Amino acid sequence: MFRTALRQSTRRVGAALAARRAVPMVRYAKAAPTEVSSILEERIRGVSNEADLNETGRVLSVGMLAVLNAMLEFHLSSQCSKVSGRPVWTNQRRVSNVPTTNTATHQPIINADANELCSDGIARVFGLNNIQAEELVEFSSGVKGMALNLEAGQVGVVLFGSDRLVKEGETVKRTGSIVDVPVGPELLGRVVDALGNPIDGKGPINTSERRRAQLKAPGILPRRSVYEPMQSGLKSVDALVPVGRGQRELIIGDRQTGKTAVAIDTFLNQRQWNDGSDEKKKLYCVYVAVGQKRSTVAQLAQTLEKAGALKYSIIVAATASEAAPLQYIAPFTGCAMGEWFRDNGKHALIAYDDLSKQAVAYRQMSLLLRRPPGREAFPGDVFYLHSRLLERAAKMNDTHGGGSLTALPVIETQGGDVSAYIPTNVISITDGQIFLETELFYKGIRPAINVGLSVSRVGSAAQVKAMRQVAGSLKLFLAQYREVAAFAQFGSDLDASTKQTLARGERLTQLLTQKQSSPVPAEEQVPVIYAGVNGYLDEIPVDDVIRFESEFLAHLRSNEPGLLETIRTEGQLSKESMEQLKNVTESFSKSFN
């Protein structure tokens with residue numbers, strides 16, 4: 001009975017509201033699609049006409065409950081014969097009086113104060129007829145927002161702050177500028193929010209340049225193919241799924257499988273070049289934290305600072321307590337900061353941790369802006385959201401400075417399902433993926449990289465040549481090991497070759513593990529991988545593989561520094577170096593006990 005009454009009441013409210021708005025909306029309906037598209041065309045082409053910055057608007061509503069309140073107020077007012085009214089919202093054309101008290105009962109009908117509505121970060125504004133898409137606006141309360149929906153008669157604005165400070169009828173002013181952020185080397189070593197404001201308590205950041213957060217990605221002609229290695233310091237990554245400067249390599253896996261650790265270890269490994277003076281070898285790092293706990297971001301900053309990596313890094317944080325618009329804009333902010341290095345002939349690395357939370361924030365904003373939902377309630381342009389972000393990572397040709405921006409987007413899966421909507425979208429955009437598996441993580445194999453599902457589409461073109469010489473057959477051998485191991489558990493009668501494959505596979509798997517925050521340089525990875533691939537570990541117990549690695553590297557550092565220096569400087573193994581490495585490995589493996 002209650003449901004029937006509520007349904008009939010809602011229908012009457014909708015019919016009355018439609019009749020009430022029919023006449024006033026005729027004048028707004030004249031804003032033809034061609035007029036709106038011309039504004040978007042100017043935005044895309046970068047043409048800016050003389051803007052009327054004196055134009056102001058008024059807040060129609062804040063939050064979805066404001067709309068419901070207005071509907072309910074009008075419905076109740078039609079039931080009252082004698083009422084007293086007060087203005088609730090205004091714009092440049094009209095002031096409407098909405099009843100607040102029923103004089104028959106002397107009871108308040110409804111309270112429509114904006115600061116008592118739910119906080120969803122959306123405001124609808126009337127009167128800004130010439131505003132640009134993504135233009136920054138400022139409310140009289142001091143809160144800033146971004147115009148996202150350009151509709152006939154009103155503008156949907158997402159708020160970069162608390163909507164409890166915004167009230168209905170409040171004045172909204174245009175700024176004339178698209179959302180931009182500070183960029184430059186002054187940001188290195190700092191922690192900033194999604195708009196580039198410092199939040200680390202180290203004082204203001206005095207940058208000399210600003211850049212739009214959302215820019216068009218470089219075209220085809222300014223780019224060149226990826227060929228320079230971006231060394232992560234992780235043996236399993238550098239040997240099996242090498243990443244190049246300018247590549248987009250996805251890090252994907254369930255929660256608590258070490259996705260962030262892969263990105264942070266890559267940051268730490270760049271210290272050996274950033275401490276030097278060769279600008280072409282330096283790799284500046286940007287870490288974007290989306291939807292994470294503040295304590296996690298603080299711990300990460302301490303880890304980087306303790307390892308001496310914060311001085312060449314920037315942290316952009318839009319934590320879980322921030323509004324959805326800030327979580328949406330944070331990756332674009334970090335990308336703009338990284339692009340400054342790319343466009344100035346330098347090299348940068350950016351990690352988006354993680355884009356799943358950005359997609360959720362964008363879904364929240366889109367639903368509140370009443371955009372039509374699609375699969376899993378995501379808007380239809382969620383693919384474009386990530387593609388326009390990740391396409392900005394590129395390797396530029398020498399004519400355009402030769403800089404690069406490498407992207408490491410992170411995606412969280414549910415139950416290892418890589419065929420879900422957002423994971424498949426980002427997999428199709430990127431140049432490969434590093435898949436982390438929960439089962440391997442709990443077995444103690446860390447980083448828990450599933451070699452079969454992980455791939456780098458750039459391949460050996462971006463791999464150190466010395467590593468390619470020694471690890472060429474490693475991935476194929478590990479694939480054979482996994483296949484044999486799957487059948488070996490069902491039978492005990494195994495031939496000699498199968499037993500050898502199993503023994504070597506176990507030792508290679510153990511050899512590729514390493515502790516967190518302990519990156520290994522390429523010149524030390526090469527001898528270790530060489531020893532494992534060529535069978536020098538076959539007679540060593542699996543539990544002693546890690547000890548063999550540490551003692552072997554200590555032996556090379558003390559007795560064969562020339563060999564390590566040759567690998568580091570030349571990046572490849574000549575016939576003489578290969579013979580020297582073979583002799584050293586044979587003699588050490590025989591003496592190891």
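Some points to look at:
- When only alpha carbons of the range 442-593 are considered, Rg and Dmax amount to 16.0, 49 Å.
- When each of I429, I251 is scored by the number of other beta-carbon atoms lying within 10 Å, the sequence from fewest to most is I429, I251.
- Phi angles of the range 511-525 translate, via the Karplus equation with coefficients 6.51, -1.76, 1.60 and θ = phi - 60°, into HN-Hα couplings of 5, 7, 7, 7, 6, 5, 6, 10, x, 10, x, 4, 5, 9, 5 Hz per residue; Gly and Pro are given as x.
- Magnitude of the charge dipole for the range 150-212, about its Cα centre and with charges confined to Cβ atoms of Lys, Arg (+1) and Asp, Glu (-1), is about 140 debye.
- Other residues with beta-carbon under 13 Å from the beta-carbon of G334 carry, at +1 per Lys or Arg and -1 per Asp or Glu, a net charge of 0.
- Annotation: amide H of Q514 within the under-5 Å range of R446, sequence separation 5 or more or interchain, hydrogens built in the peptide plane.
- The calculated FRET efficiency for S591 paired with V484, based on their beta-carbon distance and R0 = 41 Å, is about 0.85.
- A convex hull fitted to the Cα coordinates of the range 189-294 yields 177 cubic angstrom per residue.
- Of the residues E560, E339, E279, the one with the fewest other Cβ atoms within 10 Å heads the list, and the complete ranking is E279, E560, E339.
- Rounded D (µm²/s) - the range 247-380, Kirkwood Rh over Cα pairs, Stokes-Einstein at 4 °C, 1.567 mPa s: 81
- Here the residues R457, R371, ranked from fewest to most Cβ neighbours within 10 Å of their Cβ, fall in the order R457, R371.
- Relative compactness, the range 127-170, computed as alpha-carbon Rg over 2.2 N^0.38 Å: 1.09
- Debye equation applied to the C-alpha atoms of the range 363-409, log10 I(q)/I(0) at 0.17, 0.26 Å⁻¹: -0.61, -0.91
- Based on every Cα atom in the range 181-463, Rg and the maximum pairwise Cα distance Dmax equal 17.6, 53 Å.
- Contour excess over end-to-end distance, with Cα ends at Q302 and N397 and 0.36 nm allotted per residue: 30.6 nm
- Length gained when the stretch D538-E138 is fully extended (0.36 nm per residue, less Cα-Cα span): 137.2 nm
- Paramagnetic reach from A461 (point 7 Å along Cα→Cβ, amide N under 13 Å) across the range 377-396: 395-396
- Mean projected area (nm²) of the alpha-carbon convex hull when the range 408-521 is viewed from all directions: 9.0
- Summing charges over neighbours of S404, with a neighbour being any other residue whose Cβ is under 9 Å away from its Cβ, gives +3 when K and R count +1 and D and E count -1.
- Protection proxy ranking of 479-488, 124-133 - average other beta-carbon atoms within 10 Å, highest first: 124-133, 479-488
- Surrounding net charge for Q358, when Lys and Arg each add one and Asp and Glu each subtract one, Cβ distance under 14 Å: -2
- Positive-end residue, the range 181-463 charge dipole about Cα centroid, Cβ charges, pick of G444, S277, L240: S277
- About the Cα centre, charge dipole magnitude for the range 181-463 (Lys/Arg +1, Asp/Glu -1 at Cβ), debye: 380
- Charge dipole (the range 188-311, unit charges on Cβ, about Cα centre) - positive-most of L268, I251, N206: N206
- When +1 charges are put on Lys and Arg Cβ atoms and -1 charges on Asp and Glu Cβ atoms, the dipole computed for the range 186-324 relative to its Cα centre reaches about 280 debye.
- Extending 7 Å from the Cα toward the beta-carbon at both K475 and E506 defines two label points whose distance is 2.7 nm.
- Pairs exceeding a 26 Å alpha-carbon distance, out of K144/K311; K235/K293; K235/K395; K311/K515; K235/K465; K282/K357: K144/K311; K235/K293; K282/K357.
Read-outs throughout are calculated quantities, based only on the coordinates presented, and are distinct from any laboratory measurement. Nothing here was measured: the structure is a model prediction, and the numbers come from that model. Glycine gets a Cβ as well: all are built from the backbone with ideal geometry, and neighbour counts include every protein chain shown.
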